[in-house]
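A short write-up of the structure that comes next.
The values are calculated or read from the model by the stated rules, or taken from the named source; none is laboratory data. Just so it is clear, the structure is predicted and the values come from calculations on it, not from any experiment. Every residue, glycine among them, receives a Cβ derived from its backbone with ideal geometry; neighbour counts consider all protein chains shown. Calculation scope for accessible area: heavy atoms of the full protein, side chains included, ligands and nucleic acids excluded. Shrake-Rupley method; radii C 1.70, N 1.55, O 1.52, S 1.80 Å.
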Amino acid sequence: MERLQKVIAAYGYTSRRKAEDLIKKQKVMVNGKIVTELGSKVSEHDVISIDGVIINKDVKHEYYMLNKPRSVISSVTDESGRITVVDLVDTEARIYPIGRLDYDTTGLILLTNDGDFANAMMHPRMEIEKTYIAKLDKVLSKEEILAIKKGITVDKRIVEVRRFKVKKRDLDKNTDIVEITIVEGRNHIIKKLFKELGVNVLKLSRIAYGFLDVKNLKSGEYRKLTIKEIKKLYALAKK
Ligand code: URA
């Protein structure tokens, strides 16, 4: 017997957290009865349905990396009809993005229909390095660079910066292009970090996620992760 939300995630329907939301919203039925208890347990023989649709237990897991263009939203659907990261991947599987990049951020984002994998990648203890290139509306001072490397506090938590360097400095335009590697996944975290110093991020791109980098994918292109890469990411998550 396994917890219902875990089973829903394991079948690739959605992440465990979203499955919990669905249960709370009374959208989940087991053997024809609405379940409201988050702790409910089910066996492999139970028939689970969500919004009246029975979960197909033969779902194959799929894993993709996408080079997200600007003006694409990191969600499955969008109420105002904007293009989503899921729209860019040609598959019948119910995939969703792992974490999010802002609407105006470009770069590497993973998508899957494997709830366990998504959970492992997003776990707060998870220390996968994410590297970003950011164009700033200001040339940073030595003191500011030092402060970033030491760790700026955002929303009462220090952002651990693993690597930081100024890649290009334009004194005429008063802009810096920097490369920054962090290990966490809070929303808007890079923009918030610079905001603490009164600096705006003009352009942001994620160029690497762990050992994966975006180099061989043009904007809007994607590819499946290899089994080796999936195993390696899992191994990083379990460290
Ligand atoms: N940090 C941000 O501010 N935005 C992103 O899209 C990703 C990280």
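Quick notes on this structure:
- Under the convention that each Lys and Arg Cβ holds +1 and each Asp and Glu Cβ holds -1, the size of the dipole of the stretch 130-209 around its Cα centre is about 220 debye.
- When the square roots of the Cα gyration tensor eigenvalues are ordered a ≥ b ≥ c, the ratio a/c for the stretch 2-54 is under 1.5, which makes its shape rounded.
- Overall, the chain carries a charge dipole of about 800 debye about its Cα centre when +1 sits on the Cβ of Lys and Arg and -1 on the Cβ of Asp and Glu, all other atoms neutral.
- For the chain, the share of DSSP beta bridges that are antiparallel, to the nearest 5, is 95%.
- Residues in the stretch 145-155 carry Karplus couplings, in order, of 4, 4, 4, 5, 5, 6, x, 8, 8, 10, 6 Hz; the curve used is 6.51 cos²θ - 1.76 cosθ + 1.60 with θ = phi - 60°, and Gly or Pro positions show x.
- Using a probe of 1.4 Å, the accessible surface attributed to Asp170 totals some 50 Å² when neighbouring protein chains are kept in position.
- Within-9-Å neighbourhood charge of Ala93 [Cβ basis; K, R +1; D, E -1]: 0
- From phi via Karplus (6.51, -1.76, 1.60), per-residue ³J(HN,Hα) for the stretch 79-89 in Hz, x at Gly/Pro: 4, 8, x, 6, 5, 10, 4, 5, 4, 7, 9
- Our helix-only sum for the chain, with -39,500 (n - 2.57) per DSSP H run of n ≥ 4 divided by its residues, gives a mean residue ellipticity at 222 nm of -6000 deg cm²/dmol.
- Taking a straight Cα-Cα cut-off under 21 Å and skipping sequence neighbours fewer than 8 places away in the same chain, the lysines within cross-link reach of Lys228 are Lys60, Lys130, Lys215, Lys238, Lys239.
- Dipole magnitude (debye, nearest 20) for the stretch 2-54, charges at Cβ of Lys, Arg, Asp, Glu: 200 debye
- Part-to-part distance (alpha-carbon centres) for the stretch 41-80 and the stretch 166-215, which is given in Å: 30 Å
- The amide H of Gly210, built 1.01 Å from its N in the peptide plane, has Glu129, Lys130, Thr131 as neighbours under 5 Å, considering only residues 5 or more places off or on other chains.
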